[in-house]
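Undergrad: I'd like to ask you about the structure that follows.
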Amino acid sequence: MENLIAINVICQDKPGVLRDVAAAVARFEGNIRYTQQFILTKGKHKGLTEIYMEIANVSSVPDLAKKLEAISDVDSVSFHEPFEKIWGSRIIIIGGGAQVAQVALGAITEADRHNIRGERISIDTLPIVDEDKIAKAVNAVSRTHRASILVLAGSLMGGKIAQEVKKLQKEGFKVIALNMAGSVPEIADLVVTDPVQAGTFAVMAIAKTASFDLDRVSGRRF
């Protein structure tokens, strides 16, 4: 069984530090499954870099910690639960503010029921207008860590947005759309008129503690 850990390294913002951290992980047979790096903008570490990694099957966590702490450009090292165990799967809701808010209402209410029973489902919203901006946002879903399903909430979506939806579906993502004008409802996996119900369906589709199977109603409208 895969053993996944998360490390957070605060270090100097300079070339070669990421290489040194990755080399230390490899030294103890760790397989980096996810990483992100950014500059800290506040607090006592302002101006330093934070490197977060989720690593599988490290042969010795204490020895890895010592190795990382021995790197001259590393300020501190801490270990955590992976994001999947804390934030869980992500539902992404994109579209007009009013519709997004109502979809989020349904999703949050339904997610609460499942999270109480041991699930980890989080809700991400992006109220946004303009075909190009929405298309770029849809395109980014497949690169979003832990994204599981997309809900498109608006009154008119088609064109470039529909093209990106098709690409996303080819990569294995399910897309729920509100019953709106445009070509997106024609290609969505599920079309729902009530935005609150759309959010509820999205959670039920990915929850392990739900019996709802999106494939069985694919292409239908509710």
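Undergrad: Only residues that are polar (S, T, N, Q) and within 17 Å of F201 (Cβ to Cβ): list them for the range 168-188, please. Give the steps one after another, and end with the answer.
TA: Just the residues of the range 168-188 that are polar (S, T, N, Q), to begin with: 169, 179, 183.
Within the range 168-188, Q169, N179 qualify.
Undergrad: Has the range 49-60 got at least one residue that is modelled with pLDDT under 95, buried (at least 17 other Cβ atoms within 10 Å of the Cβ) and not assigned by TED's automatic domain parsing to the domain that holds P195?
TA: Within the range 49-60, one or more residues are modelled with pLDDT under 95, buried (at least 17 other Cβ atoms within 10 Å of the Cβ) and not assigned by TED's automatic domain parsing to the domain that holds P195.
Undergrad: Looking at the range 101-120 only, could you name the residues that are more than 17 Å from the chain's Cα centre (by Cα) and either free of Cβ contacts under 8 Å to residues at least 60 places away in the same chain or more than 17 Å from A177 (Cα to Cα) (or both)?
TA: Answer for the range 101-120, where residues must be more than 17 Å from the chain's Cα centre (by Cα) and either free of Cβ contacts under 8 Å to residues at least 60 places away in the same chain or more than 17 Å from A177 (Cα to Cα) (or both): A101, T109, E110, D112, R113, H114, I116, R117, G118.
Undergrad: Okay, next question. Any chance you could count how many residues in the range 15-37 are of a type in the set (S, T, N, Q) and either in contact with a helix residue (DSSP H, G or I) (Cβ under 7 Å, 6 or more places away or on another chain) or crowded, with 17+ Cβ neighbours inside 10 Å (or both)?
TA: Selection size over the range 15-37: 1.
Undergrad: Among the residues of the range 96-137, write down those that are in a strand (DSSP E or B) and touching a Lys or Arg at 6+ places or on another chain (Cβ under 7 Å).
TA: Result: S122, D124.
Undergrad: Which is surrounded by 19 or more Cβ atoms within 10 Å (Cβ to Cβ) and outside any helix (DSSP H, G or I), of I71, I93?
TA: On the way: I71 fails: surrounded by 19 or more Cβ atoms within 10 Å (Cβ to Cβ).
Checking each option against the conditions leaves just I93.
Undergrad: Right, next: Collect the residues in the range 3-50 that are of a type in the set (D, E, K, R) and assigned to a loop (DSSP other than H, G, I, E, B), keeping them in residue-number order.
TA: Listed by number, the residues that qualify are D13, K14, E29, K42, K44, K46.
Undergrad: So which residues in the range 121-131 are closer than 20 Å to S142 by Cβ and more than 17 Å from the chain's Cα centre (by Cα)?
TA: Residues satisfying the conditions are I128, E131.
The values are calculated or read from the model by the stated rules, or taken from the named source; none is laboratory data. Computed from a predicted model, the values in this text were never measured in an experiment. Glycine also receives a Cβ, built like all others from the backbone with ideal geometry; neighbour counts cover every protein chain displayed.
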